[in-house]
1. Based on the Cβ-Cβ distance from MET60 to ARG18, what FRET efficiency comes out when R0 is 22 Å, to the nearest 0.05?
2. Could you line up PHE17, PHE4 from fewest to most neighbouring Cβ atoms inside 10 Å?
3. Report the net charge of residues surrounding PHE13, where surrounding means a beta-carbon distance below 12 angstrom and charges are Lys +1, Arg +1, Asp -1, Glu -1.
4. Using only alpha carbon pairs under 8 Å that are at least six residues apart, calculate the relative contact order of the chain and give it in whole percent.
5. Going out from 0 in 10 Å bins, what whole percent of all Cα-Cα distances in region 7-70 drops into each bin?
6. Divide by every residue of the chain the summed helix terms, -39500 (n - 2.57) for each DSSP H run of at least 4, and state the resulting mean residue ellipticity at 222 nm, rounded to the nearest 500 deg cm²/dmol.
7. Quick check: the angle from helix 7-16's long axis to the longest principal axis of the chain, C-alpha only, nearest 10 degrees?
Amino acid sequence: MKPFTDVGAALEFVKSFRGSAEELRLPIDDSLQDPVGMNMALILDHLLGREWEPNGYEQMSGYRIYRYKEWTR
């Protein structure tokens with residue numbers, strides 16, 4: 001699994017993903033983990049638009065694999 005190093009590419013992946021929230025595994029390179037969290041906020045905004053919310057992540061060597069789930073209301 002190759003992690004995303006460009007926030008635009010990660011956004012396009014999220015927009016075009018056709019599986020369920022539980023199927024999505026989003027690998028994000030540590031270089032996108034900016035101190036303010038702006039990159040992840042942009043990605044999360046798109047995920048929330050699909051009514052998906054974070055469901056943890058797995059830390060790998062140099063990147064994280066984020067998991068999501070359907071919104072629980």
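Taken together, the values in this text are just the output of simple stated rules run on the coordinates, not laboratory data. As the structure is a prediction and not an experimental result, all values here were calculated from the model. Neighbour counts run over all protein chains shown; Cβ positions are idealised from the backbone, glycine included.
1. It comes out at approximately 0.35.
2. Lowest to highest Cβ neighbour count: PHE17, PHE4.
3. My count for the surroundings of PHE13 gives +2.
4. 36
5. Cα pair-distance distribution for region 7-70, in percent: 21, 61, 18, 0.
6. -9000 deg cm²/dmol
7. For 7-16 against the chain, the angle is about 20 degrees.
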